[in-house]
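**Q** Shown below is the structure under consideration.
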Amino acid sequence: MAIVSSAAGSAPGPGSTRGARPRPEAVDATRLIDPASQPGDETDLPLREDSLRPRRLADYIGQSELKQVLGIAVTATQSRGEALDHVLLYGPPGLGKTTMALVLAEELGVRCRITSAPALERPRDIVGLLVNLQPRELLFIDEIHRLNRVAEEILYPAMEDFRLDLTVGKGTTARTRTLPLAPFTLVGATTRAGSLSSPLRDRFGLIQRLEFYGLEDLQAIVERAAGLLGLVLEPAAALEVARRCRGTPRIANRLLRRVRDVAAVGGHGAIGAGLVAEALSLHRVDDRGLDASDRRLLTLLLEGHGGGPVGLDTLAAALGEDPATLETVVEPYLLQLGFLQRTPRGRVATEAARRHLAWEAAA
């Protein structure tokens, strides 16, 4: 898949000077991904994470309801010869939001321009992107909840009426200019759908949540990735990786690469479940996917505070972590497993967490 870097603010906008050099921080703010390119175009390049991504809906494992909804929308859109309606994808990180945007572009046969909200700092950044979009192209904005107010207001008429409303001049000489835009599809991705303003959220025609993956789907994802990486992976080994990846394909691929490293250094051929357990124990990932940070938090709660309740700031100070890191990175998976509870008085470790740590210590 060919990837061409471009600058978000490099397109000349109203009042810009031709030949002006782009701002250094704007370079590589977006990427153009052309579905016409084939995997063979990169046979001489090192294998990257991008190469593990599925290219078509049929290859996308899991998220069956999401695939059905988007498949119907794509087919209907193609039959009408229109641009796909704007799509908002939300859910925990690592579940495939960016991958789904690339798959949609592949299914529609158009290019996908990728950027992120923090890269769109000034109005000319997003204006430059919009005016350069070709008919029915996809614009993917990651972390769209971090768009500033000015960028959002520019997007409102662009999403609804495919036009840009620009103010030229200042004070009494100010006037409004309207620029037509080619029909396009905005695909937004966010881990915090509630942080989007209502006017922006309501302009998306398709709003879909990505769920955590089941064990069977994760095993299929690991087996597919192992084939792309040229690994001989036994089914039991694929299942072992799937059990430890916290329901997230991105983590599954990361753990699989760590297993590959151990297998390569040890000169192993076929990879079995025992080698997976050995490799991931080096990275302190246990059979439920808990890492060192998770166990430190549970151990502090159980041994230092009798199971809780304990306030978040107290835990953060004792662990030497930032409270926001604990709340957004460490706690969600423990809550999902039922090892941790949030109460008005603080965090409480459950009996299931106590049994897990006791079993791990005995093992």
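**Q** If r is the Cβ-Cβ distance from residue 193 to residue 299 and R0 is 30 Å, what FRET efficiency results, to the nearest 0.05? Mind showing how you got there, number by number?
**A** Numbers: r = 33 Å, r/R0 = 1.11.
Efficiency, from the Cβ-Cβ distance: 0.35.
**Q** Also, quick follow-up: Expressed in nm to one decimal, what extension gain is obtained for the pair residue 74 and residue 324 from 0.36 nm per residue of sequence separation less their Cα-Cα distance?
**A** On the way: separation 250, 0.36 × 250 = 90.00 nm, distance 3.86 nm.
The residue 74-residue 324 span can extend by a further 86.1 nm.
**Q** Amide H of residue 116 versus every other amide H placed in the peptide plane: which residues, excluding those fewer than 5 positions away on the same chain, fall under 5 Å?
**A** Sorted by chain and number, the residues that satisfy this are 142.
**Q** Using a 1.4 Å probe on the protein heavy atoms, what percent of the accessible area of the stretch 273-363 belongs to carbon and sulfur? Walk me through the numbers before you get to the answer.
**A** On the way: 2360 of 4660 Å².
With neighbouring chains kept in place, the figure for the stretch 273-363 is 51 percent.
**Q** Amide H to amide H under 5 Å from residue 233: which residues, 5+ apart in sequence or cross-chain, H placed 1.01 Å off N in plane?
**A** Residues meeting the criterion, in which the H sits 1.01 Å from N, are 271.
**Q** Residues in the stretch 66-93, backbone N under 18 Å from the label point at residue 134 (7 Å along the Cα-to-beta-carbon vector): list them, ranges by number please.
**A** 78, 81-84
**Q** Report the calculated FRET efficiency for residue 335 and residue 122 (r = Cβ-Cβ distance, R0 = 56 Å), to the nearest 0.05. The partial results should precede the final answer.
**A** On the way: r = 38 Å, r/R0 = 0.68.
It comes out at approximately 0.90.
**Q** If you bin the C-alpha pair distances of the stretch 211-311 every 5 Å from 0, what whole percents do you get?
**A** 2, 13, 23, 21, 14, 9, 7, 5, 3, 1
**Q** Now a separate question. Compute the signed sum of charges (Lys and Arg +1, Asp and Glu -1) over the other residues within less than 10 Å, Cβ to Cβ, of residue 189. List each step's numbers first, then the result.
**A** Working: positive: 97; negative: 142, 143.
Value of the local net charge: -1.
**Q** While we're looking at this one, here's another question. How high is the relative contact order of the stretch 43-148, given as a whole-number percent (alpha carbon pairs under 8 Å, six or more residues apart)?
**A** Working: 82 pairs, mean separation 29.0, N = 106.
Relative contact order of the stretch 43-148: 27 percent.
**Q** A follow-up question, please. Would you mind classifying the stretch 94-142 by shape? Square roots of the alpha carbon gyration tensor eigenvalues, ordered a ≥ b ≥ c; an a/c under 1.5 is rounded, otherwise it is prolate if a/b is larger than b/c and oblate if not. It would help to have the intermediate numbers written out before the result.
**A** Working: a/c = 4.80, a/b = 1.31, b/c = 3.67.
It comes out oblate by the Cα gyration axes.
**Q** For residue 181, list long-range residues whose amide hydrogen, built 1.01 Å from N in the peptide plane, is under 5 Å from its own amide hydrogen.
**A** For residue 181, whose amide H was placed from the backbone, the distant partners under 5 Å are 163, 164.
**Q** Next up: Could you give each residue of the stretch 68-78 its phi-based ³J(HN,Hα) in whole Hz, using Karplus coefficients 6.51, -1.76, 1.60 with θ = phi - 60°, and x for Gly or Pro?
**A** In residue order, the calculated couplings are 5, 5, 6, x, 5, 5, 5, 4, 5, 5, 5 Hz.
**Q** For residue 215 and residue 351 in one chain, what is 0.36 nm times their gap in residues minus the Cα-Cα distance, to one decimal in nm? Walk me through the numbers on the way to the answer.
**A** Details: separation 136, 0.36 × 136 = 48.96 nm, distance 2.39 nm.
Full extension from residue 215 to residue 351 adds 46.6 nm.
**Q** How many angstrom lie between the C-alpha centres of the stretch 273-328 and the stretch 195-263?
**A** Between the Cα centre of the stretch 273-328 and that of the stretch 195-263, the gap is 22 Å.
The values are calculated or read from the model by the stated rules, or taken from the named source; none is laboratory data. Computed from a predicted structure; not experimentally measured. Neighbour counts are summed over all protein chains in view; Cβ atoms, including those assigned to glycine, are modelled from backbone coordinates with ideal geometry. All accessible areas refer to the heavy atoms of the entire protein, side chains included, with ligands and DNA or RNA removed. Shrake-Rupley method; radii C 1.70, N 1.55, O 1.52, S 1.80 Å.
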